[in-house]
Amino acid sequence: MYQIRQRAGVASALSALVALAVAVATAVALASSSSTAAATSSASATHRHEGVVRAAPGQTVVRGPRGPAYTDGTTRVTYRIPGARRTGLRVAADARAVGRTGYRAILRFGKHRKVLRVVRAGAHRAVTLGKVRVPQRIGRKVRVELQTDGDRIRARAWDPGKRAPRWQVTRIDRKPLARPGTSRARVHLGDRAQRPVSLQFWLASVVRGLPGGGGDPGPSDPADPGPTDPTDPDPTVPPPGSGQCPAIGIYNEAAADRDVDALRQFDGMPQVANSYYQPAERIRMSQETARIKRGTSPNITITTKGTDRLAALGLGPSHPGHAAALAWLDQHLADLATLTRVDPAVPVYATLEHEYKVKIRLGMLTGQSADPKVYGKALDLFYARAATKAPQLRTTYWIVGSDRAVEGEVGEQFVTLPDAVLFDPYAQSGNLSLTQIAKGDLDWIQAQSWYRGQEVGLGEFGMQVRFGDAALAKFYTGIREQMADLGLAWGVFFNRQRDLDTRIVERSDGKTFPKAVASFSTSLKATGRC
């Protein structure tokens with residue numbers, strides 16, 4: 001691969017377009033210069049660049065903005081692409097780019113499918129960090145977005161005329177590129193193509209970690225009008241870590257096919273739903289597959305209670321049951337890998353055990369399996385094997401939040417980090433909000449050494465019905481907006497009558513909570529400020 005620098009002249013058919021691009025580039029350069037100057041006293045800045053890329057068969061063409069080198073930020077490139085000659089075309093967004101090195105989110109158009117691949121490019125070779133098939137239909141435009149945040153790399157690609165999907169590739173890079181670099185637009189045309197291709201592009205990057213301090217990673221100029229393409233319906237770049245509008249899930253008892261009850265109960269389907277598998281159970285593939293096809297992400301926990309499998313996995317080959325426990329784990333990972341391929345746009349989450357402290361208190365985990373260090377090492381093994389055997393799986397560390405000493409000690413064992421951290425806040429008073437019950441645990445999680453900017457979600461949340469319909473209705477008002485303000489990726493409402501009793505609809509005792517149901521239904525269907 002090689003680079004071709006921008007030249008003054010191209011084919012005569014493009015002369016008018018190039019003249020326009022040059023004029024716009026001049027304006028962008030002036031704006032970029034002022035924002036770069038401002039960056040010396042601000043933690044973030046927005047930089048934009050646009051123009052035309054012309055690639056001949058077998059060529060790779062790179063374009064970059066006149067902005068500073070940076071480490072953390074979000075790069076978004078929107079391409080206007082030809083409708084007839086896509087096969088063999090690759091469009092990409094580069095970040096931390098220095099010479100031949102950098103991170104790249106590459107979207108390849110094949111004859112029958114589109115594949116998004118994230119690589120760490122070195123001077124001599126590129127290492128693939130993750131890839132996924134992009135199922136969404138794409139029209140005459142495509143947007144590729146790449147976010148770098150320390151050692152966490154995230155990417156997605158979609159039609160900018162449609163709603164942005166969740167991050168399609170999320171990876172922790174064990175050997176991250178630490179050297180600052182710039183954002184770039186990159187186009188490659190396969191050598192089998194019959195004719196050159198010309199693409200118009202709009203590149204925007206929100207960068208942070210610039211000289212002058214820390215703080216908000218959002219755009220530095222609130223009056224920034226964004227890319228000049230008047231047909232672009234979403235010109236802003238979200239700040240790093242913001243992802244998309246938080247998802248609301250529902251746990252409606254055990255079976256995955258109970259998700260559909262939510263449509264009748266709350267006039268909406270859950271975006272996430274939990275499944276709890278017992279030690280002797282296999283994952284119910286048909287039910288979880290149907291769930292994914294409905295657009296609901298499974299959040300799966302594989303339990304070991306009543307067995308010594310945590311000890312067998314955590315202690316390694318020295319434990320006599322290690323080989324059998326490893327085979328059991330790999331069987332589950334094979335099933336999970338299959339689920340991740342059903343629809344790559346619908347993430348699959350999974351963990352080994354959850355609410356660890358509760359299971360110790362109830363006597364479900366005993367002996368060496370009740371040692372937090374052993375559990376942490378078992379989880380670390382699960383994360384490492386999942387990275388190889390089910391690379392698209394989003395692994396989780398699912399805590400209660402009731403014993404920070406134990407949960408912190410578990411996390412200290414991690415060498416391979418989870419993709420998401422989950423916790424379970426419940427309102428123990430009728431005058432509490434979701435923000436109030438979640439804030440303390442969230443602050444603690446984000447202060448831990450094993451937290452590196454991963455997704456944080458609510459594996460379960462709710463309010464006990466004993467506080468009454470009015471209190472419940474107030475609690476479930478604006479749930480999605482509250483999660484967005486907290487920076488949470490998603491949360492699952494625990495609609496169950498047993499234990500804490502947070503079930504607000506279709507109860508066995510005949511009690512009804514119409515205000516609570518209406519409030520939650522509104523939150524489920526609304527996108528609000530996010």
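The values are calculated or read from the model by the stated rules, or taken from the named source; none is laboratory data. These numbers were taken from a predicted model, which means no experiment stands behind them. All Cβ positions, glycine included, derive from the backbone under ideal geometry; neighbour counts span all protein chains shown. What goes into the accessible areas is simple: the full protein's heavy atoms, side chains included, and nothing from ligands, DNA or RNA. Shrake-Rupley method; radii C 1.70, N 1.55, O 1.52, S 1.80 Å.
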Item to check | Full-extension gain in nm, Lys175 to Lys439, via 0.36 nm per residue minus C-alpha separation | outcome: 91.8 nm
Checklist entry - With all protein chains present, how much of the accessible area of region 250-293 (probe radius 1.4 Å) comes from carbon and sulfur, to the nearest whole percent? => result 55
Checklist entry - Rounded if a/c is under 1.5, else prolate if a/b is larger than b/c, else oblate: which is region 91-141, with a ≥ b ≥ c the root eigenvalues of its Cα gyration tensor? => result prolate
Next on the checklist: Applying a 10 Å radius around every beta-carbon, put 143-155, 104-116 in order of their mean neighbour count, most first.
Outcome noted: 143-155, 104-116
Checklist outcome for this item: Expected vector for region 160-171, Karplus 3J(HN,Hα) from phi with 6.51, -1.76, 1.60 and θ = phi - 60°, integer Hz, x for Gly and Pro, equals x, x, 10, 5, 5, x, 5, 4, 8, 10, 10, 9
Next on the checklist: With unit charges on the beta carbons (Lys and Arg positive, Asp and Glu negative) and the dipole taken about the Cα centre of region 342-444, which residue among Leu393, Thr416, Gly367 sits farthest to the positive side?
Outcome noted: Gly367
Next on the checklist: For a quick check: with amide H placed at 1.01 Å from N, whose amide H comes under 5 Å from Lys141's, ignoring anything fewer than 5 positions away on the same chain?
Outcome noted: Ile81
Checklist entry - What nm value, rounded to one decimal, do you get for the distance between Ala324 and Thr388 when each label is placed 7 Å out toward the C-beta? => result 2.3
Checklist entry - Measuring from label point to label point, each 7 Å out along Cα→Cβ, what is the Arg163 to Arg195 span in nm? => result 3.8
Next on the checklist: At 1.4 Å probe radius, can you tell me the per residue accessible area of region 82-192 in Å²?
Outcome noted: 44
Checklist outcome for this item: At the level of C-alpha centres, the distance separating region 408-433 and region 282-357, in angstrom, is 19
Checklist entry - All other residues with a Cβ under 11 Å from the Cβ of Met285 taken together, and with Lys, Arg as +1 and Asp, Glu as -1, what is their net charge? => result +1
Checklist entry - Which far-off residues, 5 or more places away or on another chain, put their amide H under 5 Å from the one on Val169, with H placed in the peptide plane? => result Ala155
Checklist entry - By its C-alpha gyration tensor, with a ≥ b ≥ c as the square roots of the eigenvalues, how is region 376-493 shaped: rounded for a/c under 1.5, else prolate for a/b larger than b/c, else oblate? => result prolate
Next on the checklist: Tell me the net charge near Ala387. Cut-off is 10 Å between Cβ atoms, Ala387 excluded, with +1 for each Lys or Arg and -1 for each Asp or Glu.
Outcome noted: +3
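Treating only the Cβ of Lys, Arg, Asp and Glu as charged (+1, +1, -1, -1), what charge dipole size does region 440-521 show about its Cα centre? Round to the nearest 20 debye.
280
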Checklist outcome for this item: Amide H neighbours of Ser275 at under 5 Å, excluding residues fewer than 5 places away on the same chain, with H built from the backbone geometry, are Asn299, Ile300, Thr301
Checklist entry - Where only protein heavy atoms count, and the probe is 1.4 Å, what is the accessible area per residue for region 317-421 in Å²? => result 37
Item to check | Pairwise label distance in nanometres, His112 with Arg498, each label 7 Å out on the Cα-Cβ vector | outcome: 4.5
